[in-house]
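What follows is a short report on a single structure.
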Amino acid sequence: MQYLLQAVVPKTKAARVVESFPATAENYPKAIAQLKERFGHDDLLVQIYVRDLLSMVMKNAASGRTKTDLPALYDELEAKIRALESLGRTQ
């Protein structure tokens with residue numbers, strides 16, 4: 001529970017949710033569940049990640065560059081795919 005208290009930004013809504021639970025190991029999953037219920041908007045996150053992917057592809061296609069920084073493009077693509085995987089949306 002101490003890790004969770006350190007992970008949230010002080011004096012925010014998320015911090016107040018975490019602080020509302022007594023700092024015990026048993027309350028850690030309860031606090032996580034409450035945070036997910038209150039702030040976990042998976043559908044909105046999926047829309048944002050997909051929009052970012054499409055934007056990245058469109059910018060790359062429209063730039064007309066003959067030399068693309070492939071390693072940077074790959075890293076950015078991988079980051080967005082990992083974000084979608086974390087939401088279980090890549091199958």
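Numbers at a glance
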read-out	value
Members of the stretch 1-16 that are of a type in the set (A, V, I, L, M, F, W, C) and either at pLDDT 95 or above or not in a helix (DSSP H, G or I) (or both)	Met1, Val8, Val9
The listed residue being under 30 Å from Gln2 (Cβ atoms) and either hydroxyl-bearing (Ser, Thr, Tyr) or part of a helix (DSSP H, G or I) (or both), out of Glu37, Glu76	Glu37
Count of the stretch 17-29 residues which are assigned to a helix (DSSP H, G or I) and either in contact with a strand residue (DSSP E or B) (Cβ under 6 Å, 6 or more places away or on another chain) or surrounded by fewer than 13 Cβ atoms within 10 Å (Cβ to Cβ) (or both)	3
Neighbours by Cβ (under 9 Å, 6+ apart or cross-chain): first from the stretch 20-34, within 8 Å of Met1 (Cα to Cα); second surrounded by 10 or more Cβ atoms within 10 Å (Cβ to Cβ) and among the aromatic types (Phe, Trp, Tyr)	Asn27/Phe21; Tyr28/Phe21
Yes/no for Leu45 being modelled with pLDDT of 90 or more, surrounded by 12 or more Cβ atoms within 10 Å (Cβ to Cβ) and assigned to a helix (DSSP H, G or I)	no
Some residue of the stretch 55-70 being part of a loop (DSSP other than H, G, I, E, B) and among the β-branched types (Val, Ile, Thr)	yes
Long-range neighbours under 9 Å by Cβ, at least six apart or interchain, first residue in the same structural domain as Arg51 (by the TED database) and closer than 20 Å to Gln47 by Cα within the stretch 69-81, second part of a helix (DSSP H, G or I) and among the aromatic types (Phe, Trp, Tyr)	Lys80/Tyr49; Ile81/Tyr49
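The values are calculated or read from the model by the stated rules, or taken from the named source; none is laboratory data. None of these values were measured; they are calculated from a predicted model. Virtual Cβ from ideal backbone geometry, glycine too; neighbours counted across all protein chains shown.
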